[in-house]
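Okay, so here's the structure we're looking at.
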Amino acid sequence: MPSNRLLSVLALCAFSLSAHCAESAHLAAFRSEAEFQAYLKKLKVGEASLRAKEQASIPMPASASAADAAGSLQKVEVTGSRISQADAESDAITNVQTQGVDEGGIVKKLGEYLIVLRRGRLFSIKAGADHLRPVSSINAYGPGISPQGAWYDEMLISGRTLVVIGYSYARGGTEIGLFHINEAGVLSYRNTYHLRSNDYFSSRNYASRLIGRQLIFYSPMEVDLYGDSSNSLPAVRAWQAKPGAFKRILPATEIYQTGLSSNAYDLTLHSVTTCDITERSTLECRAKAVLGPSSRVFYVSADSVYIWIGGSGMYGQARKPNESTLLRMPLGSSAPQALRVSGNPIDQMSFLERDGYINVLVGSQSNGDGMWRAEGKAGSLALLRAPLRAFGGTGARSQEKHYRALPAEYSWGIQNRYVGDWLIYGSQYARGGDSATYAVPYARGGQAVPLALKHSTERIEALGNDALIVGNAGNDLVFSSVRLDAKATPVSGYIQRNAVQSESRTHGFFYQPQGEANGILGLPILGGSEERPSAAVKYLRNKKLQLSDLGLLVASPGKARDDGCQVSCVDWYGNARPIFIGGRVYALMGYELVEGRIVDDALVELRRVNYAPGQRR
């Protein structure tokens with residue numbers, strides 16, 4: 001039977017909107033810098049009554065229509081890593097959550113060139129129809145900038161501009177490095193910007209997104225009430241041979257309040273920064289932010305950033321009903337909105353905005369995706385499905401009818417993903433040894449369907465409108481296809497003996513459709529070859545959900561040579577990726593790029609190249 005523990009807690013709360021709250025379609029901002037500073041001063045020295053009085057003094061904006069409150073709605077396709085057969089030569093090689101919203105990764109494609117970010121350096125490799133050769137390399141940071149204490153983890157491409165995202169513990173903020181790649185594949189440095197922020201690292205999420213030429217960051221910033229609070233506010237400075245002066249990008253009139261109680265030791269500025277990438281090597285950045293307590297997880301849709309904040313439950317403690325807030329921050333000029341909610345998401349994959357609704361898988365004891373928290377306990381599960389029109393000002397609250405209790409209670413390691421019209425979730429470990437995986441028809445309602453899989457759930461991906469679930473059964477790695485139509489039905493499985501997946505992040509997987517019901521998938525693994533167990537990328541063919549073996553592209557044996565690494569010397573985001581370019585198949589494994597071709601339903605290696613620094617080519 002489904003667990004009703006979370007819903008029972010929700011029922012204790014009053015869910016109706018007050019008339020005053022119903023009149024407010026958005027959160028209210030501070031009217032001036034003086035008002036913002038006065039609020040911080042009262043919060044520092046005052047009692048709860050003074051904080052409540054200050055919050056009450058901030059005027060609510062005039063009412064807006066439901067259409068204005070919802071913003072511009074777009075139907076967002078749940079993609080996994082979909083590109084159509086017609087787009088086989090597309091530059092899209094990253095397994096993104098939402099089509100059209102690129103995510104910072106370690107390898108990108110531009111025409112004939114693959115650009116790789118690894119261990120503090122950028123590399124370009126020409127991957128043509130009949131050749132594979134390294135072209136250029138450069139430090140992933142600017143000349144004269146010390147990389148010590150920094151990690152360079154993510155890369156994006158806009159036009160011929162490469163954007164490298166790093167975090168500097170020495171300087172305390174996000175570094176945005178701008179580089180150029182010319183038509184010959186040669187890399188050159190342009191500029192570096194320093195964005196004031198707290199650490200963004202997550203074991204599952206990514207710090208940056210790119211929509212067109214708009215670079216998007218979310219950063220939770222702790223407000224320092226006992227020092228200079230201006231140092232807690234988002235700001236940007238150019239940095240070449242030496243740093244310039246910080247330019248504040250967040251005016252007080254773009255700082256909003258949630259109405260959640262905060263104290264001097266738990267006040268966080270949840271900021272969304274957008275920067276326009278130009279060919280002039282300059283960034284024009286702006287920010288908006290919401291003040292509130294810590295605890296967060298964020299998701300980027302086609303036109304908004306969603307941020308789940310608040311809740312006193314930490315490290316497995318249960319939360320009270322509606323003590324958290326889900327923020328909806330439009331990427332345009334519209335003001336943020338809020339919805340009081342219960343529980344906490346697992347990670348960014350718990351979210352989906354589609355058809356005028358926000359869907360979120362929540363756990364009574366989960367802690368969001370900060371650092372390693374997504375790997376922790378989830379507790380009782382429920383699906384929140386609320387219309388976007390329910391968002392508003394500080395009084396907007398979710399209702400009991402917006403939640404649906406779901407079965408299973410997992411100890412840790414929960415995975416979840418929306419595929420087509422279904423939400424699928426499961427775990428490597430569950431209470432009592434139960435590793436059940438469920439499919440939920442989130443849009444049309446209905447009961448969660450248990451999937452009779454004989455393996456754990458360590459990865460959930462899209463195969464077109466159907467699903468792939470990957471996990472171990474003992475020492476073997478199992479790939480299971482699941483048909484998703486009126487029902488959720490496991491179809492076939494492929495077993496890779498004595499193997500495990502070597503990449504846990506979403507970017508480690510890719511699926512290339514080859515028609516409506518066919519395609520090829522790749523996943524990095526360890527083991528899988530009795531003759532020469534090693535790091536490899538495994539490839540399977542999908543024919544109407546029947547999975548068959550194509551083979552492996554295997555890394556060269558032996559110990560890797562010393563590359564003289566100076567910075568970012570741990571591959572926190574992994575170092576292996578499957579890549580498909582037209583009919584060509586590639587495996588990126590550390591400093592090796594291996595090319596294969598499929599001949600008579602078998603993968604044959606054609607060539608490989610080692611692009612490591614100082615390597616003879």
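Some points to look at:
- Modelled FRET efficiency - R0 45 Å, ARG190 with LYS543, Cβ distances, 0.05 increments: 0.45
- Rounded, prolate or oblate (a/c below 1.5 giving rounded, otherwise prolate when a/b exceeds b/c) for region 187-248 by Cα gyration tensor: oblate
- For region 90-199, the relative contact order comes to 19 percent (Cα pairs under 8 Å, sequence separation of at least 6).
- Inter-site label distance for TRP572 and LEU110 at 7 Å from Cα along Cβ, in nm: 2.5
- Residues with amide H under 5 Å from that of GLN257, placed H, sequence gap 5 or more: ALA28, LEU291
- Cβ-derived FRET efficiency at R0 41 Å, SER32 paired with GLN148, nearest 0.05: 0.50
- Residue ranges 177-184, 188-195 sort as 188-195, 177-184 when ordered by packing (mean number of other C-beta atoms within 10 Å per residue, highest first).
- Modelled FRET efficiency - R0 45 Å, LYS559 with VAL491, Cβ distances, 0.05 increments: 0.60
- Label zone of ASP355 (point 7 Å out along Cα→Cβ, amide N under 15 Å): in region 456-472 this covers no residue at all.
- Linear extension gain, GLU222 paired with ALA602, 0.36 nm per residue minus alpha-carbon span: 131.4 nm
Every number in this text was worked out from the coordinates using simple rules, so none of it is lab data. Here the structure is a predicted model, which is why all the values come from computation and not from measurement. Heads up, the Cβs are rebuilt from the backbone with ideal geometry, glycines too, and the neighbour counts pull from every protein chain shown.
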